[in-house]
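Student: Quick one: the structure is below, questions incoming.
The values are calculated or read from the model by the stated rules, or taken from the named source; none is laboratory data. These figures come from a predicted structure and were not determined experimentally. When we count neighbours, we look across all protein chains shown, and the Cβ atoms used for this are built from the backbone with ideal geometry, even at glycine. Just the protein is used for accessible areas: all its heavy atoms, side chains included, with ligands, DNA and RNA removed. Shrake-Rupley method; radii C 1.70, N 1.55, O 1.52, S 1.80 Å.
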Amino acid sequence: IKDKIEYYSIIRTKNAIYRSNIVIVMIDAIKGFSKQDKSIIDETIKSGKGLIIIVNKWDLIKKENNTMNNYIKNIRFQFKSLDYYPILFISALTKQRIHKVLKTSWEVFDRINNQISTKRLNDVLKFILKKNPPPSQKGKAIQIKYLTQVSKEPCIIALYLNYPNLIKTSYKRFLENRIRENFDLSGVALKLSFRKK
């Protein structure tokens, strides 16, 4: 933060994120993904808000067969968390694909407000645990009893188990990835809460 203008712009951005259901972060296709974009995305995910990435000025990019896919891969390589958020390519000037912004926003909004049934979650949990149970820690077998969605916005799924403090970060990430793969949570910030049972 170099000056007062930048400071107040960051405060306004944080307030805008706080008041939002879905945050749309617009990236300049020519300039690419900046440090400021990353910090706004971090703040959005941390706040548990819906998120869509828009790449604007796509009309100015020289295109080949896989230009869009390569651009997406590059963004996701720089920021692994964005694997689960929609990335749209538009041109505000030519109105190219601009209709997709509102359509995608409504889709993300519907996902945010969707309650996943406890039965469906636990059916998926059984399948996950059968293939990859949590590794034992300090000679203690970790048993995840069940899970349930306790909040919609942000989407929080509570997992009840015998030793919540012994679950490794890598296994937490593994569980989040498997849950995301089994339920349509594109654009939705997901938090797992590990609780004592």
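Student: Counting only residues that are touching a Lys or Arg at 6+ places or on another chain (Cβ under 8 Å) and part of a helix (DSSP H, G or I), how many does the range 122-145 have?
Tutor: 2
Student: Suppose we filter the range 94-124 for residues that are in contact with a Cys (Cβ under 9 Å, 6 or more places away or on another chain) and hydrophobic (A, V, I, L, M, F, W, C); how many remain?
Tutor: Count: 2.
Student: Same structure again: Report, ordered by the first and then the second residue, all pairs with beta carbons closer than 7 Å, sequence separation of six or more or different chains, a first member in the range 89-104 that is open to solvent by 70 Å² or more (accessible area, probe 1.4 Å), and a second member that is not hydrophobic (A, V, I, L, M, F, W, C).
Tutor: 93/59; 94/59
Student: Sticking with this one: Looking only at the range 146-196, which residues are touching a Phe, Trp or Tyr at 6+ places or on another chain (Cβ under 6 Å), assigned to a strand (DSSP E or B) and of a type in the set (Lys, Arg)?
Tutor: Answer for the range 146-196, where residues must be touching a Phe, Trp or Tyr at 6+ places or on another chain (Cβ under 6 Å), assigned to a strand (DSSP E or B) and of a type in the set (Lys, Arg): just 195.
A quick yes/no check of all residues on (1) assigned to a helix (DSSP H, G or I); (2) at pLDDT 90 or above; (3) over 25 Å from residue 172 (Cα atoms):
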position	(1), (2), (3)
63	no, no, yes
69	yes, yes, yes
77	yes, no, no
88	no, yes, yes
93	no, no, yes
102	yes, yes, yes
105	yes, yes, yes
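Student: Against the definition (within 26 Å of residue 113 (Cα to Cα) and modelled with pLDDT under 90), how does residue 39 come out, yes or no?
Tutor: yes
Student: For the range 148-169: of the residues being closer than 27 Å to residue 20 by Cβ and of a type in the set (A, V, I, L, M, F, W, C), which is most open to solvent (accessible area, probe 1.4 Å)?
Tutor: 150
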